[in-house]
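Chemist: The structure that follows is given in the form of structure tokens.
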Amino acid sequence: SSNDLTLWDGTSDRVTFQNGGNVGIGTTSPSVKFVVSNSGVQGLEVNPNSGTPNGVDLFAYNRSTGGYAPLNIDASTIVLHANSSGKVGIGTSSPSHKLDVVGTAGLSTGTAWTNTSDKRIKQNIVSIVNGLEKINQLNPVEYNYTQEYLDEHKELKDIRYNSFIADEYAEVFPNAVNVGGNLEKVITKAVEEVKNENGEIITEKVDEVKEIIHEKLLNYTPHDLIMYLVASVKELSAKVEALEAK
């Protein structure tokens, strides 16, 4: 048939199959291949042809603003965000890594994250020496986060934390420090009522303007620390054994 097909449950339209091949749930006018709409205002759209926005096959669409955005699953705060750069954020809408978790992350067992470490994929292998010298260069510190950082990271508490300063850590293990995202602050919010296709007020939309407080925050990976601590213990053990042999 040349006409669209819409399934009706006796109260409202539920599913629409357009003649052009688009399918809509909660909307009779799906603009791409598959649309799930909440009263025509917010929803999920799938476009296998990578139309708009270019390069994003799975994205959210807000009909009240006509804007597209990467897939963003949220409640009162961001739960899951996936963008067109292949980065996924949990608790953040601006991930700076392939997987960026704001808050805590855990494993169901007492193991650590698994690394591929087969000898067959490694070359130029040498044992770590002078491990103690490296460890002695490190400066472990206690600190509090600044109020501006706490304001933007509600998952943190205003307590004393233990770690290293990435700027200092880079002087000892430069390859373990990299540039992350920015510290941003929402400085304005414009809230207005939004009407659905029937003219009913159903929700609110929020337009946010962000101010960058600090650009390109440094972060570090403590992976090297484990190996150098082991090397240090071996060096100290050898010194103890030498003293005991005298």
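Chemist: Which GluC sites (Glu not before Pro) in the range 112-169 pass both tests, a DSSP loop state and at most 11 other beta-carbon atoms within 10 Å?
Modeler: In loop regions of the range 112-169 (DSSP not H, G, I, E or B), the sparsely surrounded GluC sites (Glu not before Pro) are Glu155.
Chemist: Next up: Between the range 212-226 and the range 135-174, how many Å separate their Cα centres?
Modeler: If we compute the Cα centre of each part, the gap is 9 Å.
Chemist: Further question: Given the pairs Lys154/Lys216; Lys185/Lys216; Lys134/Lys239, which span a C-alpha to C-alpha distance of over 22 angstrom in this model?
Modeler: none
Chemist: Obtain the nm distance between the two label points defined at Leu138 and Lys210 by a simple spin-label model: each point lies 7 Å from its Cα along the Cα-to-C-beta direction.
Modeler: 3.2 nm
Chemist: Calculate, in nm to one decimal, what Val233 and Ala112 gain on full extension: separation in residues at 0.36 nm each, minus their alpha carbon distance.
Modeler: Once the chain is fully extended between Val233 and Ala112, it gains 41.4 nm.
Chemist: Given H placed on each backbone N at 1.01 Å, which residues far from Ile213 in sequence or on other chains put an amide H within less than 5 Å of it?
Modeler: Those qualifying (amide H under 5 Å, at least 5 residues apart or on another chain) are Leu183, Glu184, Lys185.
FYI, it's all coordinate maths here, none of it is from the lab. If you're wondering where the values come from, they're calculated on a predicted model, not measured in any experiment. No Cβ is skipped: glycine too gets one built from the backbone with ideal geometry, and neighbour counts run over all protein chains shown.
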